[in-house]
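Report on the following structure.
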Amino acid sequence: MRFNAVRRVFHQAVDLVAGFVLLASLVWLIAAGATWLARLSDNRTIAALRADQDVKISSDASAAVIFARAGFLLAHQRIDETQGLLELLARRDDQKVYRNLLFNLGNARLRQAFVLISNGDLSAAVPFVNLAKQNYRRALELDPSDWNTKYNLDVALRLVRDFSFGQENEGDTLPASKQLWPDMPGVPEGLP
């Protein structure tokens with residue numbers, strides 16, 4: 001009799017543990033299925049964006065989808081819209097994607113500046129170069145060892161020099177109305 005009571009308690013315990021394991025497995029399976037469906041949806045959205053389809057995304061989209069949308073916008077020279085996505089990524093925890101978008105946005109702005117420079121509009125190119133430098137510097141703050149970003153920042157710095165304007169008491173200074181040289185390099189005017 002005592003053996004049957006122990007056996008009954010043992011079977012109840014086994015049934016309880018088996019039920020708990022089954023329930024935990026079911027919860028895990030549902031969570032894994034939801035994750036799989038979300039990634040499948042993300043992959044479809046990314047594929048559509050890469051196929052040059054203008055797919056709108058929500059503000060709670062994954063970092064990969066935001067990056068793909070930004071790539072689409074940059075390819076269509078819609079840089080102002082990309083800036084909003086950059087700010088959205090800044091609030092996320094994925095610094096690698098954020099850094100890559102900063103780099104790509106800096107490249108797009110530098111390309112705009114090169115188009116303006118090749119058209120001879122040097123003064124209009126200066127703001128684009130300065131914005132590209134800001135993007136490259138922010139990207140280098142996140143990854144100081146990125147050689148491509150360093151190189152592109154060097155190119156931008158050679159196009160438009162940075163001057164520290166806070167050192168007015170040091171050395172000889174010119175009045176504010178006279179520039180020592182223009183911001184953009186070009187063909188000098190006048191006699192040598």
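The values are calculated or read from the model by the stated rules, or taken from the named source; none is laboratory data. Here the structure is a predicted model, which means the values were calculated and not measured. Cβ atoms come from the backbone with ideal geometry, glycine included; neighbour counts cover every protein chain shown.
Every test in (1) surrounded by 17 or more Cβ atoms within 10 Å (Cβ to Cβ); (2) in a loop (DSSP other than H, G, I, E, B) is passed by Val129 save one, and that test is (2). Within the range 67-91, restricting attention to residues that are small (Gly, Ala, Ser) and under 17 Å from Thr45 (Cβ atoms), the residue that is surrounded by the fewest Cβ atoms within 10 Å (Cβ to Cβ) is Ala75.
Listed here are the residues, each with its yes/no results for (1) in a helix (DSSP H, G or I); (2) modelled with pLDDT of 95 or more.
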residue	(1), (2)
Ala113	yes, no
Leu116	yes, no
Tyr136	yes, yes
Glu168	no, no
Asp172	no, no
Trp181	no, no
Gly190	no, no
